[in-house]
1. Identify, please: which residue in the range 82-113 is modelled with pLDDT of 90 or more and more than 16 Å from the chain's Cα centre (by Cα) and is, among those, nearest to residue 169 (Cα to Cα)?
2. Name the pairs whose Cβ atoms lie under 9 Å apart, with the first residue in the range 34-50 and at positive phi, the second surrounded by fewer than 19 Cβ atoms within 10 Å (Cβ to Cβ) and modelled with pLDDT of 80 or more, and 6 or more positions between them or separate chains?
3. Considering only residues that are of a type in the set (Phe, Trp, Tyr) and touching a His at 6+ places or on another chain (Cβ under 9 Å), look in the range 12-40 and name the one that is modelled with the highest pLDDT.
4. Could you check residue 138 against (1) in contact with a strand residue (DSSP E or B) (Cβ under 9 Å, 6 or more places away or on another chain); (2) farther than 23 Å from residue 23 by Cα and say which number it fails?
5. So residue 174 ticks every box in (1) touching a strand residue (DSSP E or B) at 6+ places or on another chain (Cβ under 7 Å); (2) within 24 Å of residue 9 (Cβ to Cβ); (3) part of a helix (DSSP H, G or I) but one. Which box is left unticked?
6. Within the range 23-44, work out how many residues are over 23 Å from residue 163 (Cα atoms) and not in a helix (DSSP H, G or I).
7. Could you please find all residues in the range 27-62 being touching a strand residue (DSSP E or B) at 6+ places or on another chain (Cβ under 6 Å) and among the charged types (D, E, K, R)?
8. Yes or no: residue 126 modelled with pLDDT under 90, out of contact with any strand residue (DSSP E or B) (no Cβ under 6 Å at 6 or more places or on another chain) and over 22 Å from residue 41 (Cα atoms)?
Amino acid sequence: MRSSPSTAERWRLFVGTRIAPEWHDRITTAATDMMRTGIWRRIPTEQWHLTALFIGERPREEVSRITARVARIAERTSPVAVQGGRLALMPESAPTMTWVRFEPGSAHRLLHEALAMAIGVVPENRRPHWPHITIARGHTDPAPAGPILIDTLAVTELTLFRSHLRPNGTIHEALSTWSLR
């Protein structure tokens, strides 16, 4: 018996770039001071990533099509640099996340839009588009952005991830990885 589309297994997907371990200690040390107040649940460093496109819940049967389309974008995309990564509590008015937030840049935005078009999802419409690494979730009072921790982060590969939502935090499973040309 075949499952109907409404009962088919659905996977929560996104495309991003893993954060190299050489940044982990620097970010963790700086974040410790910023997160002394409030209630924070740190995201394990091996889960840190810079998202290029959140795809959302998709039927498992679509994963191979999505994988092929991300591979095509990776084949024709040069590495992208995001710059000025500094600690920030977001959203600024009532923080629920601690980010390493990079300056908005057209190259990362164009990558986001190309992936959205190829996969058939609506690109994020928030302006500016803030490339970021989420390092903790929780809440606290607003605080100013911290000093720059990462001058330039090179996005040299794309990974298709599946998110597994768990009570103690989301686990990101890498499904496929491609180097940018």
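1. Here the residue is 84.
2. Cβ pairs passing all conditions: 38/138.
3. 14
4. (2)
5. (3)
6. 5
7. 41, 42, 57, 58, 60
8. yes
The values are calculated or read from the model by the stated rules, or taken from the named source; none is laboratory data. Just so it is clear, the structure is predicted and the values come from calculations on it, not from any experiment. For neighbour counting, all protein chains shown are included, and Cβ atoms are generated from backbone atoms with ideal geometry for every residue, glycine included.
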